[in-house]
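Enquirer: Structure below; questions to follow.
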Amino acid sequence: MTDVDLQFGRVRAVLERPTLRLMTRPTAAAVIAVFRAVFERDVQYVPAERMHLQVDEHIARLARAGARVPAAAEVGENEGPIGRALCREWVAAQWLVRSNSPDGDEQYSLTSHALEAMSLIDALAADRALISESRLTMIVDAVHRWAQQATPDREARLRHLDAQIAELTAERQRVAAGAELVAADDQRMRDGYANLVDLIRQLPGDFKRVEEALEAMHRTIVEAFRTDARPIAEVLDDYLLRTDRLMESTPEGRAFEGAFELLRDDALLAQLRDDITTILEHPFAAALSAAERRAFRNTVAILRQGVEDVLVQRRRLTATLRDQIVAHDVIADRELDAVLRSINRRLADWNAAGSSRRRIPLTLLPAATATPHLRERLYDTDADAVPPPIDDLDDDDMYLEPVDVDSLRQFGGPLLDVLRAALEGSAPSSATAFNDLPDPERRPVELFGLAHLLTGLDDFERGDELAPHLTVRPDGTVVTFDMPSANLQKGTR
């Protein structure tokens, strides 16, 4: 194989990636514009129904403007909304992910391929020089720093530290002596800001790639677990070990672990937030738009959200593995495997015994079993048992003490007629009218009737003033309730 063959295969593999398939299709501008409009600012997840409606609206708007828009394969042009069908195709193309929210509702999110395509569009659309002092300085400083980390020479490390200490000491003495402090000019700050934005723009795609790597590992481990025929003890040990080393199995996971240790430092994140504020206070930032300033300030939020999404995905994988281990039945799996193998052997025997034109009747479902009607209820001896005889009672036990009507009324509902008559009297307030009633007519239950009659009066409805209502229970106990009172001079109900 020649060099050109190797290069051709490498280039073709790259061009077949979902990122470049998105950017090279004729309708790429419309698709990426829709992604940007739907997943604006910090929106990472969009409910499925809302996504379908927004795609319908944006595609229709672009079509009316004369743009070349995608047409769903399942729905022809001018045949109604195509948002659902387009989202389904974009999921198959690995540009969208459809998942369930914590509430159980379906939602969409962008894949790392779509985020990478949008990042490339932003990088190409930026109006700046590709080579600047800020970018070269960043590269040189990074190479120098990692070269110091890579060298095992103790003397070289000490010389480097001594040089740094001397340089910083000299600068401190110069500043302490009152030397003039010269801030970077607008051009240098603008170049440095552009480089930082390039790096920050790649963060969501990097975090999403870690999530997708964990999802791929999730599918691989679950599939391997289902097909594993080893003893259960050995299976448990193996998969528990793989769970402990989960983030060390992929390059993305190892990179995330290193970044995660750095991002756990709250002091470092606080310093990062302060540094961002300092950069935005420079005069060059006056030329930035509100959206650019807001996106730059959200750097720490992007870092925290990315870490949280990866951790949620890792916890989901760990929980799935635990459920698989708990619910895994090796014996049942082996029995099912034995049945399927016997069916395959029987099919092979049929194929070997018959000709190519011979037909073998094969029923997909077993025949229905004819069974007579079964009794729905069995004989119960208790159903035929004679009820026990009634005990003979004395005449004195058959009759209780006589109860008069007034005693029964003490345990009945409110006396609305009595309350209405009291309210229509000369009392200044409803509380006074109630407290002036005789004891038998001031039961606690009467307060419900009083509230019913006073409903609709403003001062009672607002409840601005609470007045004591003295109630008397049937046993003579006095109980005081605080309840809104109405001014009866304004009118009663």
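Enquirer: Does segment 145-169 hold any residues that are more than 49 Å from the chain's Cα centre (by Cα), surrounded by 10 or more Cβ atoms within 10 Å (Cβ to Cβ) and either assigned to a loop (DSSP other than H, G, I, E, B) or not β-branched (Val, Ile, Thr) (or both), and which are they?
Expert: 153, 156, 158, 159, 162, 163, 166, 167 - these are the residues of segment 145-169 that are more than 49 Å from the chain's Cα centre (by Cα), surrounded by 10 or more Cβ atoms within 10 Å (Cβ to Cβ) and either assigned to a loop (DSSP other than H, G, I, E, B) or not β-branched (Val, Ile, Thr) (or both).
Enquirer: A further question follows. Take the conditions assigned to a helix (DSSP H, G or I) and either out of contact with any strand residue (DSSP E or B) (no Cβ under 8 Å at 6 or more places or on another chain) or at pLDDT 85 or above (or both) and apply them to residue 50. Does it pass?
Expert: yes
Enquirer: So, in segment 1-38, exactly how many residues are in a loop (DSSP other than H, G, I, E, B) and either at pLDDT below 85 or more than 18 Å from residue 84 (Cα to Cα) (or both)?
Expert: 6
Enquirer: Here's something else I'd like to know. Go through segment 55-82 and give me each residue that's farther than 21 Å from residue 23 by Cβ, modelled with pLDDT of 85 or more and within 31 Å of the chain's Cα centre (by Cα).
Expert: 56, 57, 60, 61
Enquirer: For the structure I just gave you, tell me whether residue 467 is under 58 Å from the mean Cα position of the chain (by Cα) and among the small types (Gly, Ala, Ser). Steps first, answer last, please.
Expert: On the way: under 58 Å from the mean Cα position of the chain (by Cα): yes; among the small types (Gly, Ala, Ser): yes.
Here the answer is yes, as residue 467 does meet what is asked.
Enquirer: Quick check on this structure: which one of 22, 53, 62 is farther than 28 Å from residue 101 by Cβ, in contact (Cβ under 8 Å) with a residue 12 or more places away in the chain and outside the structural domain of residue 309 (by TED's automatic domain parsing)?
Expert: 62
Enquirer: Same structure, new question: Pull up segment 279-303, narrow it to residues that are under 14 Å from residue 269 (Cα atoms) and among the polar types (S, T, N, Q), then point me to the one that is surrounded by the fewest Cβ atoms within 10 Å (Cβ to Cβ).
Expert: Within segment 279-303, the match that is surrounded by the fewest Cβ atoms within 10 Å (Cβ to Cβ) is 298.
Enquirer: List pairs: first residue in segment 344-371 and at pLDDT below 70, second residue surrounded by 10 or more Cβ atoms within 10 Å (Cβ to Cβ) and not in a loop (DSSP other than H, G, I, E, B) anywhere in the structure, Cβ distance under 6 angstrom, at least six positions apart or on different chains.
Expert: From residues that are at pLDDT below 70, the pairs are 360/350.
Enquirer: Mind checking which residues of segment 95-121 are closer than 13 Å to residue 205 by Cα, in a helix (DSSP H, G or I) and not polar (S, T, N, Q)?
Expert: Residues satisfying the conditions are 113, 114, 115, 116, 117, 118, 120.
Enquirer: Test residue 453 against the criterion of being in contact (Cβ under 8 Å) with a residue 24 or more places away in the chain, touching a Lys or Arg at 6+ places or on another chain (Cβ under 6 Å) and surrounded by 12 or more Cβ atoms within 10 Å (Cβ to Cβ), and give yes or no.
Expert: Yes, satisfied.
Enquirer: All but one of (1) outside any helix (DSSP H, G or I); (2) β-branched (Val, Ile, Thr); (3) under 17 Å from residue 486 (Cβ atoms) hold for residue 432; which doesn't?
Expert: In the conditions (1) outside any helix (DSSP H, G or I); (2) β-branched (Val, Ile, Thr); (3) under 17 Å from residue 486 (Cβ atoms), residue 432 misses (1) alone.
Enquirer: Would you be able to tell me the number of residues in segment 408-425 that are within 18 Å of residue 474 (Cα to Cα) and exposed (fewer than 11 other Cβ atoms within 10 Å of the Cβ)?
Expert: Residues in segment 408-425 being within 18 Å of residue 474 (Cα to Cα) and exposed (fewer than 11 other Cβ atoms within 10 Å of the Cβ): 3 in total.
The values are calculated or read from the model by the stated rules, or taken from the named source; none is laboratory data. Only a predicted model underlies this, so the values are computations on that prediction, with no experimental measurement involved. Glycine also receives a Cβ, built like all others from the backbone with ideal geometry; neighbour counts cover every protein chain displayed.
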